[in-house]
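Colleague: One structure follows; several queries about it will come next.
Each reported figure results from applying straightforward, stated rules to the coordinates on display, with no laboratory input. Just so it is clear, the model here is predicted, and its values are computed rather than measured. Here the Cβ positions follow ideal geometry from the backbone for every residue, glycine too, while neighbour counts run over all protein chains shown.
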Amino acid sequence: MNFRRRGADSCPARARLRAWLADGARGPLTLNPGDFAGQKFSLTALLFSAPLPERLRQYWRSFCVWMGSYTPFSGWKVFWYRRAGVTIGRNVFISPQVVIDLLFPQLITFEDGAVIGLGAIVATHVFSPDRILVGRAHVGRRALVGGRSILAVNQIGEEGVLGPNSWPIMPIPAGYIAIGVPPSMYERKTSRTGKGGENLV
């Protein structure tokens, strides 16, 4: 891959991204084509054309995510994803074919007892023709990300459930189930966080 490097450090997108990360990545960051100062409108191009120390860190994170994605065993996935920068608590189970964001794995958190279902996608950036949204993806304690579902720049509260083949457009509160695209939300009757039964959407 041949990415442009001339003037890379003066790119407004790079400056905004660095400042946002240094500030703890609080709240999502939106980047527009104008932020790239005429360079390719691509986070991949931006990150892999950075100064050498930043590029080496990005290569290492990507390598660790790649290694984790190809092992079938949850324990090995946890090992590699932690080294990529993912915050992973105790007794977390990660199923086969799970896709973890290569670009910002350090913005992902799986709390104690979380379960990531078969083929789920956990992303820290969302791309559209006119903007790139970057932010944290957080799975709370004993929460479940269902198979083939997408959690992108979003969060699931404690004991929350994202149903299979679902894509939430808003955070899932603690103890709630979200199913569908866009999802309907129901409070879990068996949740420790509430009595259950209420339909939010």
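Colleague: When ranked by the protection proxy of mean other Cβ atoms within 10 Å per residue, highest first, what sequence do the peptides 74-81, 52-59 form? Walk me through the intermediate numbers first.
Modeller: Working: 74-81: 18.6, 52-59: 12.4.
Those peptides, ordered most packed to least, come out 74-81, 52-59.
Colleague: Could you let me know the centre-to-centre spacing of the range 53-75 and the range 86-115, using Cα atoms, in angstrom?
Modeller: Here the two parts' Cα centres lie 12 Å apart.
Colleague: Among L151, L102, L46, which one shows the highest mean-square fluctuation when the chain is modelled as a Gaussian network with alpha-carbon springs under 10 Å?
Modeller: Top of the fluctuation ranking is L46.
Colleague: Separate question: With Cβ to Cβ distances under 14 Å as the rule, what net charge do the other residues near G68 carry (K, R +1; D, E -1)? Can you show the working numbers first?
Modeller: On the way: positive: R61, K77, R82, R83; negative: D101.
Summing Lys/Arg as +1 and Asp/Glu as -1 gives +3.
Colleague: Computed from these coordinates, which is Cα extents along the principal axes in Å: (1) 65, 55, 24; (2) 53, 35, 30; (3) 58, 35, 27?
Modeller: Answer by label: (3).
Colleague: May I pose another question? Report the relative contact order of the range 8-187, percent, no decimals, based on alpha-carbon pairs under 8 angstrom and at least 6 residues apart.
Modeller: Details: 436 pairs, mean separation 25.4, N = 180.
Contact order relative to length: 14 percent.
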